[in-house]
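A short write-up of the structure that comes next.
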Amino acid sequence: MQQWIWMAALCALLAVAPVDAHHSFSSEYDPQNIFKVTGVVSKMEWTNPHVRFYVDVTMDGKVTTWNMELASPSALVRNGWTSRTLKVGDTVTVEGYSGKAVPTRGNARSVIVADGRSLFAGTANDTDGPGAPQ
C-alpha cells in the first residue's frame, strides 16, 4: 500500500512541474519598447496559457506578420472578451510591448477592435509587467 502512496505523490509532482516553466514578462518582453501597429487579423488561437493572435501589418508596401500574446482566456473573459471578439479579416490597432528576441512578437496591452472599442488585453494579475501591483 505504501508503494501506491509514493507513486501517487510522484505523479502529482510531475503534473505540477510544467507550471514552473511559465515565463515571466521581463524575460520575453521589453517594457521600454512600446509599439502601436494597425493591421488585419490573420489567425486566432484561443488557448491556454495565453491567447495569441497574428496581425498582418503593411509598412512601406511590405507585409509583416506580428505574433501577439494576450492574457489567459479566463482573464480576457473578465475583461469583456469572447472567443469571437477578434475574427480573421478584422482590422485592429494593437498597443503593447515588443519582444526582446523578436521585435515583431508583442505582448498586447490594448486592442482597438473593428467596432471602435478599446479592450484591455493584459491581466490584472501580471506580477512583473508594467502596471503590475507593487
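All of the numbers you see were taken from the coordinates with simple rules; none came from a lab. Predicted model only: the values in this text are computed from it and were never measured.
Residue by residue, segment 87-96 carries 3J(HN,Hα) couplings of 10, 4, x, 5, 8, 9, 10, 10, 10, x Hz when phi is fed to the Karplus relation 6.51 cos²θ - 1.76 cosθ + 1.60 (θ = phi - 60°); x denotes Gly or Pro. Using a/c under 1.5 as the rounded threshold, could you call segment 23-120 rounded, prolate or oblate? The axes a ≥ b ≥ c are square roots of the C-alpha gyration tensor eigenvalues, and prolate needs a/b larger than b/c, oblate otherwise. It comes out oblate by the Cα gyration axes. Taking amide H positions as modeled 1.01 Å from N, with prolines and chain starts lacking one, the residues under 5 Å from ALA121 and 5 or more places away or on another chain are SER110, VAL111.
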